[in-house]
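The values are calculated or read from the model by the stated rules, or taken from the named source; none is laboratory data. Keep in mind that what you see is a predicted model, and the values were worked out from it rather than measured. Reconstructed Cβ throughout: ideal geometry from the backbone, glycine too, with neighbour counts over all protein chains shown.
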Amino acid sequence: MSRRASSLQGLRTEKPNSAGFDLDCKSSLEIARLINAEDAVVALAVTRVLTQIARAIDIVVGGLRSGGRLIYVGAGTSGRIAALDAVECAPTFNTDRVQFVIAGGAKALATASEISEDDVKQGRKEMVRRKPGRNDVIIGIASSGRTPFTLAAVAEARRRGARTIALTCNPNSPLERIARLTIVTQVGPEVLTGSSRMKAATAHKMVLNIISTGTMARLGYVYGNLMANVSPKNEKLRQRAIGILQRATGAGREFACRALEASGNHTPVALVMLAAKVSRTSAVTALKKCGGHVRRAIALAARS
């Protein structure tokens with residue numbers, strides 16, 4: 001057995017879970033109950049690292065406020081979880097500064113590309129292409145904490161001065177050693193031995209949700225708990241934007257529709273216009289001065 005294979009089998013996420021030893025002999029309901037019970041462990045694992053997650057939010061907020069990007073890096077399931085969160089940030093918060101890198105490229109989103117996980121050269125190359133700098137934050141995601149592609153990408157980002165964060169399920173991993181901050185969600189062995197698409201992936205989806213949403217809330221792209229920056233690019237999102245304007249300001253539907261149209265279909269601009277009772281020009285100016293922070297822009301526009 002190779003040293004690398006031996007080290008993999010020693011990880012908690014690779015060990016057998018005794019609760020699932022007779023998985024193939026159980027009924028459908030028994031299987032459902034077992035997996036559901038194991039999934040209950042995930043939220044507790046995330047709870048234990050909330051302090052580290054909060055630190056990650058602070059780091060990302062600082063980077064984005066300085067003009068940087070948040071770039072997720074992963075392979076296989078980790079890369080797909082990264083892509084899911086990054087892509088959804090565009091319509092939800094109207095930002096293109098949350099990005100992802102996945103081993104095997106875009107085709108790996110739909111087709112398994114396991115061999116790409118071991119490609120150190122490609123991991124380094126993909127990060128070089130993105131030219132990370134000191135304001136960029138790179139989050140390397142790997143349940144094992146030892147995926148070669150991800151390690152190479154994060155190491156290259158750190159070499160170029162970027163802020164680096166490790167997200168893994170195993171402590172004392174190589175990924176932890178090259179990152180500025182580490183978040184370890186210790187979910188334990190999977191019901192299906194080694195299948196990190198289960199509890200490990202669920203934990204990392206939860207963590208990325210918290211980091212991205214927390215960051216955007218801190219940046220003021222959220223007003224209360226409303227998606228103040230939502231981009232109304234289709235009818236569903238347009239209706240959502242109108243609803244947000246109504247809830248946030250108490251305006252009637254007709255006034256909300258008119259404000260959204262007058263704003264050029266920019267939800268935060270319309271929100272400032274309605275809440276502060278100002279023109280589009282004043283709303284745009286206030287948002288620019290406040291770095292896009294909606295609540296502060298409303299206060300500034302109202303004073304002006």
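A few remarks follow.
- Filter result for S212 (touching a residue at least 40 places away in the same chain (Cβ under 8 Å), of a type in the set (S, T, Y) and in the same structural domain as D118 (by TED's automatic domain parsing)): yes
- Qualifying residue in segment 121-142 (condition: assigned to a loop (DSSP other than H, G, I, E, B) and modelled with pLDDT under 95): no
- Filter pass, A45 being under 18 Å from T168 (Cβ atoms) and touching a Phe, Trp or Tyr at 6+ places or on another chain (Cβ under 7 Å): no
- Residue check for A112: in contact (Cβ under 8 Å) with a residue 12 or more places away in the chain, outside any helix (DSSP H, G or I) and more than 14 Å from the chain's Cα centre (by Cα): yes
- Applying a threshold of 7 Å to beta carbon distances and a minimum spacing of six or more residues, or different chains, the list of pairs starting in segment 286-297 at a residue that is assigned by TED's automatic domain parsing to the domain that holds L245 and surrounded by fewer than 22 Cβ atoms within 10 Å (Cβ to Cβ) and ending at one that is of a type in the set (G, A, S) and in a helix (DSSP H, G or I) reads C290/A297.
- Listed by position, the helices (runs of 4 or more DSSP H) inside segment 191-304 whose residues that are among the hydroxyl-bearing types (S, T, Y) and under 30 Å from L11 (Cα atoms) number at least 2 are 199-218.
- Of the residues G264, G224, the single one that is loosely packed, with under 15 Cβ neighbours inside 10 Å and over 28 Å from the mean Cα position of the chain (by Cα) is G264.
- Residues in segment 179-209 that are surrounded by fewer than 19 Cβ atoms within 10 Å (Cβ to Cβ) and without any contact (Cβ under 8 Å) to a residue 60 or more places away in the chain: 1 in all.
- If the condition is being farther than 19 Å from G62 by Cα and surrounded by fewer than 20 Cβ atoms within 10 Å (Cβ to Cβ), then segment 157-173 contributes R159, P171, N172.
Each row is one residue, and each column tells you yes or no for (1) more than 28 Å from the chain's Cα centre (by Cα); (2) on the phi > 0 side of the Ramachandran plot; (3) at pLDDT 95 or above.
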residue	(1), (2), (3)
S231	no, no, no
Q239	no, no, yes
R247	no, no, yes
P268	no, no, yes
S282	yes, no, yes
A302	yes, no, yes
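- When we screen R48, R97, R65 for residues that are of a type in the set (D, E, K, R) and over 26 Å from H266 (Cβ atoms), the only hit is R48.
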